[in-house]
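Read through the structure below, which is laid out as structure tokens, and then see the notes.
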């Protein structure tokens, strides 16, 4: 069952007619909005960093975009506003809102006020009497408040998700908060981990950190826990895994997914920040982190990872490569190709998402470095991680370019040759004895 079908089944199960909806990830709503526009009273896109406007064209007058005043959310919403006549856009002054920002916690009252004001303009029906929690069509929901239905879809990485604003929103709306493995950032992370070339890249890192039987492994920034389950299945209970993340929402989801696969005894989940790990010196046999050091003080994080592994311990690091072009198996005209090949420039001021990773590893005191840039190939255009990457490209295109892109991708899809590849920087080093 695809996501639009799951959402439709959930709407019917909850007795929703037309509901207000809000999300950071417009792709989660794109298919549903296109197929069932009458089931959406209004849509709020809260600091999206990827946004293809085309699926929402018929609903443009019902769209509110909340953006930071700089960075990707500012850029994609400014372009989308021009493509969605009648939509509205508000800017959070003095706030850049990168994709990992805890935006609702940081700007609770401001965001809640924008949602309240916008959603009041369009009628939405109260749902029928609901249980406080439940799961239907693979989507978990929790319900709070009374009034017209307001459905909140997950943020990608925001630690607090919508929680800080729910008490205020619940005074005027029946707030229905969604989660689970088929939606939001969890779906994207799980989908990414299923890609064969992604698994091969991570498998190479696991080969190089080479856990010895009995060693405990540390995962720094575990996300949905997909790689920890992969690691636990490969090495078994003889290598306990401590999976950490700063995000309590992702930790809860990861713990549930691990338990569902019978791995709760092998993987322990703990909240921890990458820049200050709550573990003693020389504690772990090996450690790894994947697409986390882009979003923090990378040098401090590397120092912390080196501190907590024992002498002779191995540390593996994988980051996105914004310094290398991404590739699409499409015969694109030059102007369109130039837009499509530049990866999203998403990195914190002190983060790392380029080849400086290798020098930083050396400077942090790791020896015997193995450095291996890798290509990750995606070939499932119906999958969430494909949509997440393609939506960045589509957000850059004019209507004419969008039509050309659709025609070319349709041909490639029919031929069974629609694929894209993007680079990652990978390194494994040893803490000197």
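The values are calculated or read from the model by the stated rules, or taken from the named source; none is laboratory data. Please read these numbers as outputs of a predicted model, since none were measured by experiment. We place every Cβ from the backbone using ideal geometry, glycine too, and count neighbours over all the protein chains shown.
When 17, 61 are screened for being in a loop (DSSP other than H, G, I, E, B) and surrounded by fewer than 20 Cβ atoms within 10 Å (Cβ to Cβ), only 17 passes.
Conditions (1) surrounded by fewer than 19 Cβ atoms within 10 Å (Cβ to Cβ); (2) in a helix (DSSP H, G or I); (3) at negative phi, marked per residue:
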{"position": "42", "(1), (2), (3)": "no, no, yes"}
{"position": "52", "(1), (2), (3)": "no, no, yes"}
{"position": "80", "(1), (2), (3)": "no, yes, yes"}
{"position": "89", "(1), (2), (3)": "yes, no, yes"}
{"position": "94", "(1), (2), (3)": "yes, no, no"}
{"position": "98", "(1), (2), (3)": "no, no, yes"}
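As for the stretch 169-185, it holds no residue that is in a helix (DSSP H, G or I), without any contact (Cβ under 8 Å) to a residue 40 or more places away in the chain, touching a strand residue (DSSP E or B) at 6+ places or on another chain (Cβ under 7 Å) and buried (at least 20 other Cβ atoms within 10 Å of the Cβ). For the stretch 375-382, the criterion of a residue being more than 15 Å from residue 421 (Cα to Cα) and at pLDDT 95 or above is satisfied by no position. Identify the single condition in (1) crowded, with 20+ Cβ neighbours inside 10 Å; (2) modelled with pLDDT of 95 or more that residue 9 does not satisfy, given that it satisfies every other one. Residue 9 satisfies all of (1) crowded, with 20+ Cβ neighbours inside 10 Å; (2) modelled with pLDDT of 95 or more except (1). The residues on offer are 33, 41, 27, and the sole one that is closer than 21 Å to residue 161 by Cα, modelled with pLDDT of 95 or more and in contact with a helix residue (DSSP H, G or I) (Cβ under 9 Å, 6 or more places away or on another chain) is 27. Taking each residue of the stretch 308-321 that is in the same structural domain as residue 293 (by TED's automatic domain parsing) and looking for partners that are part of a loop (DSSP other than H, G, I, E, B) and at pLDDT below 95 with beta-carbon atoms closer than 6 Å, six or more apart or interchain, yields 311/433; 312/433. Restricting attention to the stretch 88-108, the residues that are more than 20 Å from the chain's Cα centre (by Cα) and within 23 Å of residue 19 (Cβ to Cβ) add up to 4. The residue that is nearest to residue 261 (Cα to Cα), counting only those in the stretch 192-201 that are part of a helix (DSSP H, G or I) and in contact with a strand residue (DSSP E or B) (Cβ under 9 Å, 6 or more places away or on another chain), is 192. Considering only the stretch 211-218, I want to know if a residue exists there that is touching a helix residue (DSSP H, G or I) at 6+ places or on another chain (Cβ under 8 Å) and assigned to a strand (DSSP E or B). For the stretch 211-218, residues touching a helix residue (DSSP H, G or I) at 6+ places or on another chain (Cβ under 8 Å) and assigned to a strand (DSSP E or B): present. Within the stretch 366-381, the residues that satisfy the criterion of being under 23 Å from residue 315 (Cβ atoms) and in a strand (DSSP E or B) are 366, 367, 368, 369, 370, 371, 374, 375, 376.
When restricted to residues that are under 25 Å from residue 79 (Cβ atoms), in contact (Cβ under 8 Å) with a residue 24 or more places away in the chain and outside any helix (DSSP H, G or I), the stretch 393-420 contains 3. Here residue 385 fulfils each of the conditions (1) touching a residue at least 12 places away in the same chain (Cβ under 8 Å); (2) more than 20 Å from residue 324 (Cα to Cα); (3) in contact with a helix residue (DSSP H, G or I) (Cβ under 9 Å, 6 or more places away or on another chain); (4) outside any strand (DSSP E or B) apart from (2). Counting only strands (runs of 3 or more DSSP E) that sit wholly inside the stretch 264-354, those with at least 3 residues that are out of contact with any helix residue (DSSP H, G or I) (no Cβ under 9 Å at 6 or more places or on another chain) are 309-320. Every condition in (1) over 25 Å from the mean Cα position of the chain (by Cα); (2) closer than 24 Å to residue 82 by Cα; (3) modelled with pLDDT of 95 or more holds for residue 398 except the one numbered (3). For the stretch 322-354, taking the residues that are farther than 30 Å from residue 417 by Cα and in contact (Cβ under 8 Å) with a residue 24 or more places away in the chain, the one that is surrounded by the fewest Cβ atoms within 10 Å (Cβ to Cβ) is identified as 350.
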